[in-house]
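The values are calculated or read from the model by the stated rules, or taken from the named source; none is laboratory data. All values reported here derive from a predicted model rather than from experimental measurement. Positions of Cβ are backbone-derived with ideal geometry, glycine not excepted, and every protein chain shown enters the neighbour counts. Ligands, DNA and RNA are excluded from the accessible area calculation, which covers all protein heavy atoms including side chains. Shrake-Rupley method; radii C 1.70, N 1.55, O 1.52, S 1.80 Å.
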Amino acid sequence: MNLQDLITKKRTSLKSCKTVITDQLGNRYEIEHGQVKNLEKSSPFVVDEKPDLNIASIIPGLYLSSQDPAVCTDILKKYEIRHILSIGINISEKYNGIQYYTCDLLDLPESNILSAIKKCVGIIHANLKENILVHCNAGVSRSPTIVIAYLMIIKKLSYDEAYDIVKKERSCIRPNDGFVKQLRNIENTTFIHELFNSILDISAV
């Protein structure tokens, strides 16, 4: 049996499945074997497209948000933000008087966060006295993960302790499951201690 025959055989043995789709108006459809069937209408839902301009003060000098405050000059002036660290996103609108930093990180459970933590914790600590804003796209997974890691390393907190501090100030945070697992795995490890000591050495220079 050649490869194509094997693929065809496997496809025929797959169980059929139904997909139910609900649109913004509450219309519901069931799709199976390429056939679309109308279902009973449900309540419509509203997509919230308003910008998220909330900015959370985590500890003195460290702020967390979505990408929206990072391009809002009034908010940046209000909180006297002098540094912006963008996680996994590169904002196009930039202002004079603010230093910008970027760190590549995909919001996927399998993304390795250790290199991002090493880079970002040093940036945060070096600029804490001049107010640094850490953000990603929604301020829900990636940037909270970095801020939680910072608290774990600098304040020597457990994941749960650091998470609770950040959650209290920005209630919508939810690091993806892979990020949570990795953060828990570095609790009380040489990674934490070595990074803490390296930051202290840099601060002393």
Check: Hey, among the residues in the range 154-205 that are at pLDDT below 95, under 20 Å from residue 101 (Cβ atoms) and not polar (S, T, N, Q), which one's farthest from the chain's Cα centre (by Cα)?
Finding: 205
Check: Do we find that residue 141 is open to solvent by less than 60 Å² (accessible area, probe 1.4 Å), without any contact (Cβ under 8 Å) to a residue 60 or more places away in the chain and under 18 Å from the mean Cα position of the chain (by Cα) in this structure?
Finding: yes
Notebook entry, point to check: Out of (1) surrounded by 17 or more Cβ atoms within 10 Å (Cβ to Cβ); (2) in contact with a strand residue (DSSP E or B) (Cβ under 8 Å, 6 or more places away or on another chain); (3) not basic (Lys, Arg), what's the single condition that is false for residue 152?
Noted result: (2)
Item checked: Selection from the range 73-92 of residues that are outside any loop (DSSP other than H, G, I, E, B) and either of a type outside the set (Val, Ile, Thr) or surrounded by fewer than 21 Cβ atoms within 10 Å (Cβ to Cβ) (or both) -> 73, 74, 75, 76, 77, 78, 83, 85, 86
Check: Can you name every residue in the range 97-118 that is in a helix (DSSP H, G or I), crowded, with 17+ Cβ neighbours inside 10 Å and out of contact with any Leu (no Cβ under 7 Å at 6 or more places or on another chain)?
Finding: 117
Next item on the list: Could you list, in sequence order, all residues of the range 60-111 that are among the hydrophobic types (A, V, I, L, M, F, W, C) and within 13 Å of the chain's Cα centre (by Cα)?
Entry: 64, 85, 87, 89, 103, 105, 106, 108
